[in-house]
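The values are calculated or read from the model by the stated rules, or taken from the named source; none is laboratory data. For clarity, every value in this text was computed on a predicted model and none was experimentally measured. No Cβ is skipped: glycine too gets one built from the backbone with ideal geometry, and neighbour counts run over all protein chains shown. All accessible areas refer to the heavy atoms of the entire protein, side chains included, with ligands and DNA or RNA removed. Shrake-Rupley method; radii C 1.70, N 1.55, O 1.52, S 1.80 Å.
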Amino acid sequence: MNPSDILALRNLKVSYDGNLALDLNSLTIAPGEVVGVVGANGAGKSTLVNAIVGWSRGTPRSTGEIFLADARVDGWSTHERIRVGLVLVPEGRLVFASMTVEENLSSAFSTVSSPGRRVYSREEIYDLFPRLGERRQHLGSQLSGGERQMLGIGRALMMGPRVLLLDEPSIGLAPKLVSQVLDTMRTLAASGLAILLVEQNVRAAMAVVDRLVLLERGRVVLQGPAAQVGDDPRIAQAYLGATSE
Ligand SMILES: Nc1ncnc2c1ncn2[C@@H]1O[C@H](COP(=O)(O)OP(=O)(O)OP(=O)(O)O)[C@@H](O)[C@H]1O
Ligand SMILES: [Mg+2]
């Protein structure tokens with residue numbers, strides 16, 4: 001793998017009950033880079049980020065190679081992958097409903113900080129998302145969608161990610177909050193974190209990503225700098241539900 005990359009995927013194939021949901025030749029991310037993954041419903045976006053961390057709702061069959069820096073991790077458990085810094089904020093903002101914000105953050109197990117790897121403290125999460133600081137004694141169940149999303153990201157950061165994967169973090173958020181959450185991605189990337197961002201809000205994503213990858217039926221059909229590929233009609237098509245046979 002190229003020494004400047006932190007994550008590299010090769011020939012990643014994922015199928016459910018024999019149906020191929022993802023067939024990806026190669027994808028790499030460098031530290032400090034934000035890569036956006038877009039595509040229609042069912043294109044394979046969640047399948048991709050879930051496969052990277054070795055997690056799934058069903059029982060997919062996954063083959064191919066996943067490297068985090070020098071380590072080949074595709075045979076590892078999700079737990080082991082988190083420990084080396086491959087951290088996913090899944091679709092649907094998983095937070096503990098009966099725990100307070102403070103307890104939710106404390107339950108994120110942190111690892112030892114090492115060069116190139118930042119483990120955020122609870123206070124740093126409150127600096128990043130002041131709203132969470134104000135709500136620290138509120139229960140998970142009492143939080144708004146946006147606050148839950150911030151909490152999910154906060155928990156992930158306390159695990160010391162080297163690659164942060166986010167599955168549709170802006171879904172259901174008010175426009176102002178969308179840009180706030182996505183702007184945070186740029187702040188995080190500036191400190192060297194690599195970010196893979198699945199986003200249905202292409203316009204908002206384009207404002208923060210370095211590169212955009214378009215998936216169609218599990219395959220990459222377009223990728224490149226956001227400024228170059230952003231206007232490609234295939235991107236608009238994906239979101240209008242049209243097919244490009
Ligand atoms: N647990 C599962 N069992 C069986 N099939 C699945 C499972 N999860 C996903 N699939 C199928 O795999 C394909 C890709 O699904 P995936 O969830 O990755 O799409 P997506 O791009 O994340 O879509 P969305 O934008 O709706 O979240 C779809 O055809 C879906 O029906
Ligand atoms: Mg999805």
Quiz prompt | Positions within segment 1-51 being within 12 Å of ligand 1 (Cβ to nearest atom) and of a type in the set (Ser, Thr, Tyr), in sequence order | solution = Ser15, Tyr16, Ser46, Thr47
Practice problem: Mind counting the residues in segment 192-215 that are farther than 10 Å from Val37 by Cα and either in a strand (DSSP E or B) or open to solvent by less than 10 Å² (accessible area, probe 1.4 Å) (or both)? | Solution: 3
Quiz item: Within segment 103-127, how many residues turn out to be surrounded by 17 or more Cβ atoms within 10 Å (Cβ to Cβ), at pLDDT 90 or above and either among the hydrophobic types (A, V, I, L, M, F, W, C) or part of a loop (DSSP other than H, G, I, E, B) (or both)?
Solution: 3
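Take the conditions out of contact with any Phe, Trp or Tyr (no Cβ under 7 Å at 6 or more places or on another chain), open to solvent by 40 Å² or more (accessible area, probe 1.4 Å) and away from ligand 2 (no atom under 16 Å from the Cβ) and apply them to Arg155. Does it pass?
Working: out of contact with any Phe, Trp or Tyr (no Cβ under 7 Å at 6 or more places or on another chain): yes; open to solvent by 40 Å² or more (accessible area, probe 1.4 Å): no; away from ligand 2 (no atom under 16 Å from the Cβ): yes.
Judged against the criteria, Arg155 is not a match.
Residue check: is Arg148 under 21 Å from Pro31 (Cβ atoms), surrounded by 14 or more Cβ atoms within 10 Å (Cβ to Cβ) and either modelled with pLDDT of 90 or more or not hydroxyl-bearing (Ser, Thr, Tyr) (or both)?
Values: under 21 Å from Pro31 (Cβ atoms): no; surrounded by 14 or more Cβ atoms within 10 Å (Cβ to Cβ): yes; either modelled with pLDDT of 90 or more or not hydroxyl-bearing (Ser, Thr, Tyr) (or both): yes.
Against the criterion (under 21 Å from Pro31 (Cβ atoms), surrounded by 14 or more Cβ atoms within 10 Å (Cβ to Cβ) and either modelled with pLDDT of 90 or more or not hydroxyl-bearing (Ser, Thr, Tyr) (or both)), Arg148 does not qualify.
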Exercise. Six or more apart or on different chains, Cβ under 6 Å: which pairs go from a residue in segment 80-109 that's within 14 Å of Arg148 (Cβ to Cβ) to one that's charged (D, E, K, R) and open to solvent by less than 40 Å² (accessible area, probe 1.4 Å)? Could you list them?
Key: Pro90/Asp167; Glu91/Asp167; Glu91/Glu168
Practice problem: Inspect segment 137-160 for any residue being away from ligand 1 (no atom under 16 Å from the Cβ), part of a helix (DSSP H, G or I) and among the β-branched types (Val, Ile, Thr) and give the result as yes or no. | Solution: yes
Quiz item: Exactly one of (1) open to solvent by less than 20 Å² (accessible area, probe 1.4 Å); (2) in contact with a Ser or Thr (Cβ under 9 Å, 6 or more places away or on another chain); (3) not in a strand (DSSP E or B) is unmet by Asp5. Its number?
Solution: (1)
Quiz item: Taking segment 216-236, which residues are open to solvent by 60 Å² or more (accessible area, probe 1.4 Å) and either more than 17 Å from Leu9 (Cβ to Cβ) or among the charged types (D, E, K, R) (or both)?
Solution: Arg217, Arg219, Ala227, Gln228, Asp231, Pro233, Arg234
Quiz prompt | Which numbered condition Ile171 fails, given (1) closer than 30 Å to Arg83 by Cα; (2) open to solvent by 10 Å² or more (accessible area, probe 1.4 Å); (3) modelled with pLDDT of 85 or more | solution = (3)
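If I ask for residues that are in a loop (DSSP other than H, G, I, E, B) and among the polar types (S, T, N, Q), which ones from segment 43-102 would you list?
Initially, segment 43-102 is screened for residues in a loop (DSSP other than H, G, I, E, B), giving 43-44, 54-60, 69-70, 73-77, 84-85, 90-99.
Matches in segment 43-102: Ser56, Thr59, Ser77, Ser98.
Where residues in segment 20-54 are closer than 14 Å to Gly218 by Cα and away from ligand 2 (no atom under 16 Å from the Cβ), which of them is least open to solvent (accessible area, probe 1.4 Å)? Before the answer, list the steps.
Here is the first cut: in segment 20-54, the ones closer than 14 Å to Gly218 by Cα are 20-27, 37-51.
Going one step further and asking which of them are away from ligand 2 (no atom under 16 Å from the Cβ), we end up with 20, 23, 25-27.
On the way: Leu20: 91, Asp23: 31, Asn25: 117, Ser26: 56, Leu27: 8 Å².
Checking each candidate, the answer is Leu27.
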Quiz prompt | Answer from Val14, Val73, Val95 - the residue that is away from ligand 2 (no atom under 16 Å from the Cβ), among the aliphatic types (A, V, I, L, M) and over 28 Å from Ala207 (Cα atoms) | solution = Val73
